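The values are calculated or read from the model by the stated rules, or taken from the named source; none is laboratory data. Note that this is a predicted model, so its numbers are computed, not measured. Neighbour counts run over all protein chains shown; Cβ positions are idealised from the backbone, glycine included.
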Amino acid sequence: MQFPSFFCIFSLFLYAATPGSCALRGEILTTHHIRQSDEGPNAAAKRLGKIWFGSCYDSNYERDQSMMKYFNDPKFIGQLTPENSMKPASIQRTKSQYDFKGGDAVVAQAKKLGAKIRCHFLMGPDQNAPFIQQGSGINRQATLEYLDGYMKTVMTHFGTNCYSWDVVNEALTESGQVRTDVPWYRLIGHDFVEQAFAIASKHRPSGVKLCYNDFRLEASAAKLQGALDMANRIKSVGGEIDCISFESHISASNHPTVDSFTASLNRVAEAGMEVPISELDVVREGGATEAQQAAAYALAVKACLRVEKCPGVTVWGLSDSFGWLKGKQADLFDTAGRPKTAFTSLMGVLSSSSKSDVSSEEAEPQSQPRGSTVKIFSRSPHSVRRHEWYRPRSHFV
Ligand code: G3I
């Protein structure tokens, strides 16, 4: 699919209209950039040495017809993350039955596109099988045996269709401690993450990467340090971990600078692991403008481009009319399916970069002392009450 020249004209307009806030500040859009923006974000990311530009997806996205043209276009999407369908709550509603329908549909869509899949997830704070979610009634040994059987069955079923598995999701507090408010802590104890990775390492299909996935790793140095410490603990008990992914649900008015974001990604890269940006979206709160949102999308993409071990950026949905932040204007396309400034800006970064700009950059110096929390990011990037893993503001002080 050729992307409408509308994007290009709009880019030029945007650049002229908001030079102070646009991602392309200081750069001049040329016909070279304009031609390249016809590539689509996945094709552009690949040209720059990345493995993908992707989005979350499940078969219910077919209802959003305005976006399906992008989900069917390999120039646009090169990676899918099942938004809900591969979570234990979807796969195992009862103890004796596995339901792979939703996950298989994502695999089929990815095959059609030639896209990678970040399989998501095996153990999380919520959306576990109902009998696990209760957090009681099974002892440690029985829970570990259950987990062994679950991971074996699910990892075998999806096999090498997964580029990676998020083995554990969101197991850390803002200060980098292991969460005690999740069922796995109550059932297994303090080492539930190490146990999960040890079991996943046993059953991983050849070449499939094992990841830890969490939010605010770009913003909280203490939480990032906690994730790195956790990776060391996993390895010290013989488990394997290949990636720490940054969800990056960020806010248009309150996000790290590109240097700080890059430095955080680099901490994982320096520890020898891949570091995808796995669930990017940008909420506009407190009167944040569309230009601020666009700048935030652009800087996250720039940060990934600067870090060789960042395989790509995945957005958590494409349009404001669909998905978990429906109605909150957090995505790249508006409710009518039109590209927003955010999309033009993200595309502008990709189109205006060349491979030599991005692959030879050296690690940036630490912009934050290890183990400290950046004070200005002292709260959750956005509060969505129905998702309890976003703690109340008072927690982040
Ligand atoms: O499937 C039921 C449906 O049967 C029922 O009628 C309906 C009524 O509310 O609920 C449906 O389940 C919803 C499910 O999404 C599928 O649509 C749940 O209520 C809803 O809570 C669930 O939200 C998902 C959320 O994870 C759960 O924590 C979001 O779609 C999904 O985008 C979100 O994704 C998470 C990542 O996995 C981890 N990182 C944060 C990210 C954003 O919250």
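Worth pointing out:
- Among residues of the range 241-254 that are in contact (Cβ under 8 Å) with a residue 24 or more places away in the chain, those with a Cβ under 7 angstrom from a residue that is more than 16 Å from the ligand (Cβ to nearest atom) and of a type in the set (S, T, N, Q), sequence gap 6+ or separate chain, pair up as 252/292; 252/293; 253/292.
- Pairs meeting the criteria (first residue in the range 169-182 and more than 15 Å from residue 213 (Cα to Cα) and modelled with pLDDT of 95 or more, second residue part of a strand (DSSP E or B) and within 14 Å of the ligand (Cβ to nearest atom), beta carbons under 8 Å, at least 6 apart or on different chains) are lacking.
- Residue list for the range 290-328, filter: among the polar types (S, T, N, Q), surrounded by 20 or more Cβ atoms within 10 Å (Cβ to Cβ) and not in a helix (DSSP H, G or I): 314, 319
- Count of residues meeting criterion [in contact with a helix residue (DSSP H, G or I) (Cβ under 9 Å, 6 or more places away or on another chain) and more than 16 Å from the ligand (Cβ to nearest atom)] in the range 197-215: 13
- Residue ranges of strands (runs of 3 or more DSSP E) in the range 50-165 with at least 2 members among the small types (Gly, Ala, Ser) and either surrounded by 21 or more Cβ atoms within 10 Å (Cβ to Cβ) or within 16 Å of the ligand (Cβ to nearest atom) (or both): 52-57
- Any hit, the range 305-325, residues being aromatic (Phe, Trp, Tyr), within 16 Å of the ligand (Cβ to nearest atom) and farther than 20 Å from residue 274 by Cβ: yes
- Meets criteria (modelled with pLDDT of 95 or more and touching a helix residue (DSSP H, G or I) at 6+ places or on another chain (Cβ under 7 Å)) for residue 140: yes
- Here the range 215-271 is the region considered, the condition is being part of a strand (DSSP E or B) and in contact with a Leu (Cβ under 9 Å, 6 or more places away or on another chain), and the residue that is farthest from residue 121 (Cα to Cα) is 250.
- When residues in the range 166-195 are screened for being crowded, with 20+ Cβ neighbours inside 10 Å, over 26 Å from residue 105 (Cα atoms) and of a type in the set (S, T, N, Q), 1 of them pass.
- Evaluation of residue 198 against the conditions (1) surrounded by fewer than 20 Cβ atoms within 10 Å (Cβ to Cβ); (2) aliphatic (A, V, I, L, M); (3) in a loop (DSSP other than H, G, I, E, B) shows that the sole unmet condition is (3).
- Pairs where the first residue, in the range 279-297, is more than 13 Å from residue 255 (Cα to Cα) and among the charged types (D, E, K, R) and the second is at pLDDT 95 or above and part of a loop (DSSP other than H, G, I, E, B), C-beta under 6 Å, 6+ apart: 279/247; 279/316
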